[in-house]
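Nothing in this text is a laboratory measurement; each read-out follows from the coordinates by a stated rule. None of these values were measured; they are calculated from a predicted model. No Cβ is skipped: glycine too gets one built from the backbone with ideal geometry, and neighbour counts run over all protein chains shown.
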Protein chains: 2
Amino acid sequence: MSAPFHPDEDGALVASATAGFARAHARHVELVEDPLHLLARRRDPRRRVGLVSGGGSGHEPLHAGFLGVGMLDAVAPGQVFASPHNRQVYAASRAAAGPDGVVHVVKNYTGDRINFAIAAERLRLDGIEVRRVLVDDDVATDSEETATGRRGTAATVVVEKLLGAAADRGAGLEELAGLGQAVAAASRSLAVASRAQTAGAGGGPAFELAADELEYGVGIHGERAATTIPRPPRTELLRRMLDDLLAALPPSRDGDGGVLLVVNGLGGTTSLELYSLFDEVTALLGAAGAPVHGSLVGTYVAALDMAGFSLTLTRLEPGWSELWQAPADTPSLTRLPVDDPEVTP
Amino acid sequence: MSAPFHPDEDGALVASATAGFARAHARHVELVEDPLHLLARRRDPRRRVGLVSGGGSGHEPLHAGFLGVGMLDAVAPGQVFASPHNRQVYAASRAAAGPDGVVHVVKNYTGDRINFAIAAERLRLDGIEVRRVLVDDDVATDSEETATGRRGTAATVVVEKLLGAAADRGAGLEELAGLGQAVAAASRSLAVASRAQTAGAGGGPAFELAADELEYGVGIHGERAATTIPRPPRTELLRRMLDDLLAALPPSRDGDGGVLLVVNGLGGTTSLELYSLFDEVTALLGAAGAPVHGSLVGTYVAALDMAGFSLTLTRLEPGWSELWQAPADTPSLTRLPVDDPEVTP
């Protein structure tokens, strides 16, 4: 993979970007170069379990943008679209473990599963308890014919936010693992693209689409979808996506049917467009009996510079809204306490 | 202008994006639909002057992303790449005026200058004091032959941050206008692109570049540069840009030569690439005797989905670093107070 403004040497992109990120966010983040990982500088003193994630680069701000109070304690970044080495996950987890152990938040890709599993095995040999939360939200890959299961995409941000808030309230290892898996199970995503990410020395798109085509169900590494569709009018497209998502979403156990909504840009889609989509999607969900109780709009889980967006829905259970709104202080997601005595309303 | 996921009707994009933005950031922002403007919901009680900005859409998060405590009080968004109407600026300013009046932060484009000037005239007739801070940082347009002067680009964020902090300390109208103009005068930017923004029904780029070409000195509305250059190795490109910027930057009056650095994506450039650029630019600036004392890295002033980036340098004067670090609570720029008793280091 190569693009206009990369460093000239192979492999230098992730190393220099990680160093630049740590430098720019020195208040939040500490860099460890070998094996490469990033640590949050601060944590809530009530936290008993370290939260660790990681995966291939190219999806920023996932995961390093969510290091800090209220979210993650450590992150292991791989090369672009490649799993981190298990040595990185192990070192990140050793450094971040709390007295009750570590939870690994893992997107469902084979390489990530393997490397996090090897690291977990080593951590257990060291006497550190580990639980894994596997995020597998992408309905485009929801088929009984694939042994690998659904891919993990933007629901990861929801899982990391809710788990972080619960960890800051002192939740234990089993409670966190159970919550994380419940949030993942209650979440579904779907992505469409109008232009693939830039790839190759020539700087062209990784795959070709005609101007009037959309890739419906694209993956965050540029995996082609099962279907390339003629571009429908926007409202028709959104209705189709929401129909597919709501049909796949498990019913609420104890909630009122409300959802969290993430309108996520894949890297090359403007903020203007994402907020406009959010406006219409919110209205459509309200009409469908799934009112939006919390949201994120922006580029949170990118596929490099792909032009497109994904929608993620999480069906809320009691208490999850409070976790969603809880304070967070990370480079890419901040929630201040709502009552700030310094400032008048 | 048209792109894949826009609403089907002309003109609906900005209206729905603004409505979506206000809905997503209801804690920070209040929407007024006619004439269209956005107001910050909260302000520091010490603030005596309202800070108002605005301009064409397509540059998000500028300006609405900076509404809130520590930055702007009101914003008037125009259509894509088009100035807001003076009625919008007038209404935004009326609503945001403090007891000492209003400061307008205006990027140097003819339409913006005219519409803010008409609004200022009307405000003065109402008895509201107005001062204008004109931001004109783009060295690509620094020529004695153009009567319009340098274009205003990403230094606007620096001006809005420093003015917001000063306003929160109770600075008066003349002090703020003087500070804003001094910050603008101490700031220069330069932008390069490898692919123009998407335009036209076909979804192609607004202008053509070969795979081995860069537009050196591109504008944030896709204005072509004076020079299209063969793509140099990255370090050579960065040295050339910094040479041009440092040559144009006024010397420090009382500072130590240190700078604020904004590495700004133009919309279609990945976070990975921006942080990697930041890492190298910071090192080059240190070697050039212009150490970086504060920074922003990300998409802050976009040109829709243009692939490229800009560098902005502001030569620091005494006290400006403190204003840069001062607390802010806006949708797109947050600074928490550094000492947070809730959390252990």
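DSSP beta bridges fully contained in the stretch A:188-325 are about 75 percent antiparallel.
DSSP assigns beta bridges within chain A; of those with both partners inside it, close to 55 percent run antiparallel.
Our note on the geometry: Cα centres of the stretch B:180-209 and the stretch A:263-319, 26 Å apart. Within the same chain, lysines fewer than 8 places from residue B:161 are excluded, and of the rest, those with a Cα less than 17 Å from its Cα are B:107.
Put a plus charge on the Cβ of each Lys and Arg, a minus charge on the Cβ of each Asp and Glu, and nothing anywhere else: the dipole of the stretch B:12-185 about its Cα centre is then about 580 debye.
Can you say what percent of the DSSP beta bridges in the protein assembly as shown, counting only those with both residues inside, are antiparallel? Round to 5.
60
Couplings 3J(HN,Hα) of the stretch A:132-139, computed from phi: 10, 10, 9, 9, 9, 9, 7, 5 Hz, in residue order, whole Hz [Karplus 6.51 cos²θ - 1.76 cosθ + 1.60, θ = phi - 60°; x for Gly and Pro].
Averaging the Cα positions of each part gives two centres, and for the stretch A:62-90 and the stretch B:22-92 these lie 36 Å apart.
Taking amide hydrogens as placed 1.01 Å from N in the peptide plane, the amide H of residue A:56 sits under 5 Å from those of A:78, A:82, each at least 5 positions away in sequence or on another chain.
Each residue of the stretch B:66-80 was assigned a 3J(HN,Hα) from its phi angle through the Karplus curve 6.51 cos²θ - 1.76 cosθ + 1.60 (θ = phi - 60°); the sequence is 10, 7, x, 4, x, 9, 8, 9, 7, 9, 10, x, x, 5, 4 Hz, with glycine and proline shown as x.
Just name one of A:96, A:45, A:86: the one whose Cα is farthest towards the positive end of the charge dipole of the stretch A:30-103 (beta-carbon charges, Lys/Arg +1, Asp/Glu -1). So the residue we want is A:45. For the stretch B:188-331, the square roots of the Cα gyration tensor eigenvalues, ordered a ≥ b ≥ c, give a/c of at least 1.5 with a/b greater than b/c, which places it in the prolate category.
Position residue A:117: other-copy label points at 7.0 nm, ordered by increasing distance, label point 7 Å along Cα→C-beta. Placing unit charges on the Cβ atoms only, positive for Lys and Arg and negative for Asp and Glu, gives chain A a dipole magnitude near 600 debye about its Cα centre. Of the trypsin sites (Lys or Arg not before Pro) found in the stretch B:189-257, those that fall in a DSSP loop while having at most 13 other beta-carbon atoms within 10 Å are B:253.
Couplings 3J(HN,Hα) of the stretch B:305-315, computed from phi: 10, 4, 8, x, 8, 10, 10, 10, 10, 10, 6 Hz, in residue order, whole Hz [Karplus 6.51 cos²θ - 1.76 cosθ + 1.60, θ = phi - 60°; x for Gly and Pro].
Would the protein assembly as shown count as rounded, prolate or oblate if I go by the C-alpha gyration tensor, calling it rounded below 1.5 in a/c and otherwise prolate when a/b exceeds b/c, oblate otherwise? Rounded, because the longest to shortest axis ratio a/c is under 1.5.
Compute the Cα gyration tensor for the stretch B:12-185, then decide on rounded, prolate or oblate, letting a ≥ b ≥ c be the square roots of its eigenvalues: rounded whenever a/c is under 1.5, prolate when a/b is larger than b/c in the other cases, and oblate in all that remain.
Rounded, since a/c falls under 1.5.
Annotation for the stretch B:205-270: GluC sites (Glu not before Pro) lying in DSSP loop with at most 14 further Cβ atoms inside 10 Å of their Cβ are B:208. Taken about its Cα centre, the stretch B:71-165 carries a charge dipole of roughly 340 debye when the Cβ of each Lys and Arg holds +1 and the Cβ of each Asp and Glu holds -1. Taking the helices alone, chain B has a mean residue ellipticity at 222 nm of -9500 deg cm²/dmol, built from -39,500 (n - 2.57) per DSSP H run of at least 4 residues and averaged over all its residues. Residues whose amide H falls under 5 Å from that of residue A:214, counting only those 5 or more places apart or on a different chain, are A:229, A:231, with hydrogens built in the peptide plane.
Taking amide hydrogens as modeled 1.01 Å from N in the peptide plane, which residues meet the under 5 Å criterion relative to residue B:268, leaving out close sequence neighbours? Amide H neighbours of residue B:268: B:306, B:307, B:308.
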